[in-house]
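For reference, the structure is listed below as structure tokens.
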Amino acid sequence: MTDKEQYKIQAEPFYQQQNNEVALYEAAYRNRLPVMVKGPTGCGKSRFIEYMAWKLGKPLITVACNEDMTASDLVGRYLLDEGGTRWLDGPLTTAARIGAICYLDEIVEARQDTTVVIHPLTDHRRTLPLDKKGELIHAHPDFQLVISYNPGYQTLMKDLKQSTKQRFTAFDFDYPDAALETEIVANETGLASDTVAKLVKIGNVARNLKGHGLDEGISTRLLVYAATLIKDNVSPVDACRMALVRPITDDADIRETLDHAIVATFT
Amino acid sequence: MAAFRARPSKFLAKEAAVAMNNTLSRDQQLELYWTRLDTRFPQAQAVFEDCMTEALASLSSEGVDAYLEAARAIGKLGRGVEPMLAFLEEWPATALAVGESALTAVMDTIRVMQKSPNGRAIDPFIRTLAPVARRLQSAELLEEYLEITQNLMTRTTGSIHGHHTTFPSPGLPDFLAQAPNLLGQLTLSGMKNWVDYGIRNYNNHPERQKDYFSLQSADSRAVLQRERQGTLLVDNERNLDLYLRGLWQDSEHLVPYSTAFDQIRKPIPYYDKLGIRLPDVCEDQNGIRGIDRYRAILAHIVGHRRWSEAQIADNWSPFQRMAVEFFEDCRIDTLLIREYPGMRKLFLALHPKPQENACDPETTSCLRHRLAMLSRALLDPDHGYTDADLNEFVARFHALMEQPATSTNEVAHLALSYVARTRRQSDQFAKVHFDNTVVEYRDDNRQLWKFIEAGDEEEAFDEQRKIEPQEIQGLPPRHYPEWDYVSQSYRPDWVSVYESLHSSGNAADIDRLLQKHAALAKQLKKMLDALKPQDKVRIRYQEEGSELDLDVAIRSLIDYKSGANPDPRINMSHRTNGRSIAVMLLLDLSESLNEKAAGSEQTILELSQEAVSLLAWAIDKLGDPFAIAGFHSNTRHEVRYQHIKGYSERWDDEVKARLAKMEAGYSTRMGAAMRHAAHYLSAQKADKKLMLILTDGQPSDVDTSDDRLLIEDARQAVKELDQQGIFPYCISLDARLKAGDDDYVRDIFGQHYTIIDHIERLPERLPKLFMALTK
């Protein structure tokens, strides 16, 4: 049996509730409903799931999805050893066996045919057939499936199938409002909140430009990076350029506008 | 001479010393100078004393000698009194700016002018010398200016059939008159480019040359605009739009107004319901970049749009209104700074800082000065002004701004009490102190006022004017630049392209043509079937697939044998790749198409028609999006671009009817047509974009004498297409071109061309060529 303890979250992660999502999540978990968290990059989706796993005291298995991932990467496969073959559980199977929360991060990155294997786990059956092994796993009562999904870069190729979408309850995340975000970044980094407020302001400038040359605004995560740099005695202007502007755009006009916003904000 | 009475009050120290040394009275001295001038013009006598006073004050004694000698020489040129008067008046100021030594070069230039037929230009030359010198401020730069002038003169002075230099330069006097204005906006090298452009393009058209050099013609202004220094609005529109959206969550149409041609009344930024009006160019100022000046203007205007409400103006005097405007502007700026503290630095750098005692309230109206100082003090914590009233109101203003919400109305009351407190009799004076009081980033505040009464007049006459709606005929022209290979630069907005729908004929004609080529069509169909999307693309790393991928399989086997974990994805499969090509077929419809093709009974036009019909049929079968257009030109002012088939139209009777009516005439201005076609093609969403150009000869037009020019322009257009990701391909029907002689086609299209030798085979060749290209 796999060691359950290694998947437990040890210390309380910092999470600032935006609405009543914590209570809602708890309700969903009580009833073992699959959950989907949507929202732009770096707005706190993964942190929220981590926090909930800690709060509920359940192990959390996170899988970062990618294009090359196949169904057997999730479910498990036969490996060869001296004596012949040996079955190795994939992360999804492990979670179903030990009763963990299985978090598939950025699910749209995986190919659509891959994601179909989660279907039987997400409805009333709560089973996972391992056809290669000839085994049908009944999920542990504590097992729950969570996926995250960023609708921001919705292209034709990267979207969830309707049949997948309709198996989940969903949380819609967005960047928190300025006051809350200030509090979050200040809490996370310990930087004085008036400086953080300025960072948040710059973040909002970039978010206003979304769709006008920027695919995504400056995420809370990047604000945290900038604040961390400032905390380490980097000058605010340099820190903002490095952590907020340079990562998100190569467009000269946008870069210049954001640089100006930085100079205009930090005197 | 009695005319020179001594006026001791105007004596200057230096002059006095000279007079003392020579122990001559001032009158005698002047008389001596007058003799040396050796002239009998009474007009000269009238100004001589004033001129000499100025000259003695600013020139050395050798300088004065040279001055008189030069003036004498100019007086003897036989061109009347005007040049000499101009010289007498202008030289001292000129010498002050660039030094006395420049006189030799100036006199040389005058002599050259005198010897050429351009004597008439001497007067404007001397008249504008002082303002030009003031802008240049160095003898070297002045010499460069003289060089430009002489260059312009020699190159535009006419000589016809060996009559050497018989006609004066038409543009020179206008150029000289414009020179100070030009130098106000251009550097010397910019001016040189502007002059070169005028000489090159208008050398054999005296009237146009005059228009150009007097800044009357459109392209003269356009070229001037291009050469200007500073930050142009057109280059930064997107940047500023992002600024508005990003920092201020506002967006508005930005409209440039020209600052180049209003010398007397400088336009001020403003906004109305049609958009925000900004100067077309902002130069760097006080270490602030042009783009940041634009940002300051925009921020201020956005501030008004957010926080200002219009006030009723009728009951306030102009002074009160002015004060309200200053206070309100400061309130807006304060609120802006509160939003982005960094704006303070920007505003303060652009805000004038008037000296506290710069204005004398005894003689001048100082209200503007007081308000500008106050405005500075309201924004600048370290203003350092000591005036008690000013400081009191600064404190009251800040106290007001401490409140959570302020309004225009509250600040207006403060302004009114300020006017009442500091009012002086002299405010009414006509002489107003303006220096250092204009805050350039602020708008004209027209949105701040509403007037209840339209005016004092009994009747308003301008209300009734009605604008007759004009009938719109066709689409408005689009302007495209043309490449000038001599100067390696674009001529801005040089060509006008008129697009229109091709007239329709009988669609059945085209069907009949297709019928005629039924056998060929059958043959083509086979080729088309082979072309239809079926290109296989290999997908590797499949656990299940149609074939074994040998490379991966071997690698896995090695892993397996060595006890490592093998990759099970050893198969590969195939999928067919979609075809994504957008095609633009551009037909040259110039006069030469009406000629009979060599060895055929048909004209080239008829053969092209057949070929295009077959090609269109073939592309339609393939399902690629395609458009057809024809073009011909009648000078640069009229390039006609005829729409035959658009991308969204089907290959049906309507399109066929237009194709059936194809007619040929006029000339071939290829570059403009290609640019216009590219405008449509680039909007297509396809992986590959192909522009086929069917032409029978080299680009030419009746208004261009230089054959090379349009060829080079077309070549430049091809380069532009490449940059836009469009693949141009030329099908030349020029029968005269044989292998090795295909110079101009190769010059324009590089390797992307085919020459059809036997034009009668065009209908067969064209579709096959297309398929070969897109295979």
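The values are calculated or read from the model by the stated rules, or taken from the named source; none is laboratory data. Note that the structure is a prediction, hence the values are computed from the model and not measured. Every residue, glycine as well, gets a Cβ built from its backbone with ideal geometry; the counts of neighbours run over all protein chains shown.
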- Item | Any chance residue B:371 is crowded, with 22+ Cβ neighbours inside 10 Å and in the same structural domain as residue B:290 (by TED's automatic domain parsing) | yes
- segment B:308-347, residues that are more than 14 Å from chain A (Cβ to nearest Cβ) and among the β-branched types (Val, Ile, Thr): B:312, B:324, B:332, B:334
- Query: Could you list, in sequence order, the residues of segment A:192-215 that are touching a residue at least 60 places away in the same chain (Cβ under 8 Å) and either within 9 Å of chain B (Cβ to nearest Cβ) or among the aromatic types (Phe, Trp, Tyr) (or both)?
  - Reply: A:198, A:201
- Note on the structure: Going through (1) assigned to a helix (DSSP H, G or I); (2) within 14 Å of another protein chain (Cβ to nearest Cβ) one by one, residue A:218 fails only at (1)
- Message: Please go through segment B:336-363 and give me each residue that is more than 25 Å from residue B:300 (Cα to Cα) and surrounded by fewer than 18 Cβ atoms within 10 Å (Cβ to Cβ), ordered by number.
- Response: B:356, B:357, B:358, B:360, B:361, B:362, B:363
- Message: Looking at residue B:341 and the list (1) assigned to a helix (DSSP H, G or I); (2) touching a Phe, Trp or Tyr at 6+ places or on another chain (Cβ under 8 Å), which single condition is not satisfied?
- Response: (1)
- Task: Scan the strands (runs of 3 or more DSSP E) fully inside segment A:72-174 and keep the ones with 1 or more residues being within 14 Å of chain B (Cβ to nearest Cβ), among the small types (Gly, Ala, Ser) and buried (at least 17 other Cβ atoms within 10 Å of the Cβ).
- Result: A:76-81
- Task: Would you mind telling me which numbered condition in (1) in a helix (DSSP H, G or I); (2) away from chain A (no Cβ under 14 Å); (3) farther than 27 Å from residue B:233 by Cβ residue B:305 fails?
- Result: (3)
- Item | Residue ID - modelled with the lowest pLDDT, chosen from residues in segment B:392-430 that are in a helix (DSSP H, G or I), charged (D, E, K, R) and touching a Leu at 6+ places or on another chain (Cβ under 9 Å) | B:427
- Out of curiosity, is residue B:644 touching a strand residue (DSSP E or B) at 6+ places or on another chain (Cβ under 6 Å), of a type in the set (A, V, I, L, M, F, W, C) and more than 14 Å from chain A (Cβ to nearest Cβ)? yes
- Note on the structure: Residues of segment A:70-117 being of a type in the set (Phe, Trp, Tyr) and within 24 Å of residue B:544 (Cβ to Cβ), in sequence order, are A:78, A:87
- Those residues that are exposed (fewer than 13 other Cβ atoms within 10 Å of the Cβ) and in contact (Cβ under 8 Å) with a residue 60 or more places away in the chain, I need them from segment B:439-457; list them, please. B:446, B:450, B:451, B:452, B:453
- In segment B:31-76, how many residues are assigned to a loop (DSSP other than H, G, I, E, B), at pLDDT 85 or above and among the hydrophobic types (A, V, I, L, M, F, W, C)? 1
- Among the listed residues A:94, A:85, which satisfies the condition of being in contact with a Ser or Thr (Cβ under 9 Å, 6 or more places away or on another chain) and of a type in the set (Val, Ile, Thr)? A:94
- Message: Can you tell me which condition residue A:186 does not meet? The list is (1) within 14 Å of chain B (Cβ to nearest Cβ); (2) modelled with pLDDT of 90 or more, and all the others hold.
- Response: (1)
- Query: Out of all the residues in segment A:229-244, is one or more within 14 Å of chain B (Cβ to nearest Cβ), among the hydrophobic types (A, V, I, L, M, F, W, C), part of a helix (DSSP H, G or I) and buried (at least 19 other Cβ atoms within 10 Å of the Cβ)?
  - Reply: yes
- Query: Got a sec? Which of A:201, A:165 is at pLDDT 90 or above and of a type in the set (D, E, K, R)?
  - Reply: A:201
- Query: What single numbered condition from (1) farther than 30 Å from residue B:543 by Cβ; (2) touching a residue at least 40 places away in the same chain (Cβ under 8 Å); (3) not in a strand (DSSP E or B) fails to hold for residue B:606?
  - Reply: (2)
- Message: For segment B:136-159, give me each residue that is within 27 Å of the chain's Cα centre (by Cα) and among the charged types (D, E, K, R).
- Response: B:144, B:147, B:155
- Item | Segments classed as helices (runs of 4 or more DSSP H), wholly inside segment B:90-146, with at least 1 members that are under 16 Å from residue B:181 (Cα atoms) | B:122-127, B:129-136
- Can you pull out the residues in segment B:234-251 that are within 8 Å of another protein chain (Cβ to nearest Cβ) and free of Cβ contacts under 8 Å to residues at least 24 places away in the same chain? B:238, B:241, B:242, B:245, B:246, B:249
- Note on the structure: Given (1) at pLDDT below 80; (2) under 52 Å from the mean Cα position of the chain (by Cα), residue B:574 misses just (2)
- Which condition breaks for residue B:538 when tested against (1) at pLDDT below 80; (2) part of a helix (DSSP H, G or I); (3) of a type in the set (D, E, K, R)? (2)
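For (1) more than 14 Å from chain A (Cβ to nearest Cβ); (2) at pLDDT 85 or above, each residue gets a yes or a no:
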| residue | (1), (2) |
| --- | --- |
| B:524 | yes, no |
| B:542 | no, no |
| B:587 | yes, yes |
| B:590 | yes, yes |
| B:595 | yes, no |
- With respect to residue B:293, is the statement that it is in contact (Cβ under 8 Å) with a residue 12 or more places away in the chain and either over 18 Å from residue B:449 (Cα atoms) or away from every other protein chain (no Cβ under 13 Å) (or both) true? yes
- Message: Residues to consider are B:202, B:243; find the one that is among the hydroxyl-bearing types (Ser, Thr, Tyr), more than 12 Å from residue B:171 (Cα to Cα) and buried (at least 19 other Cβ atoms within 10 Å of the Cβ).
- Response: B:243
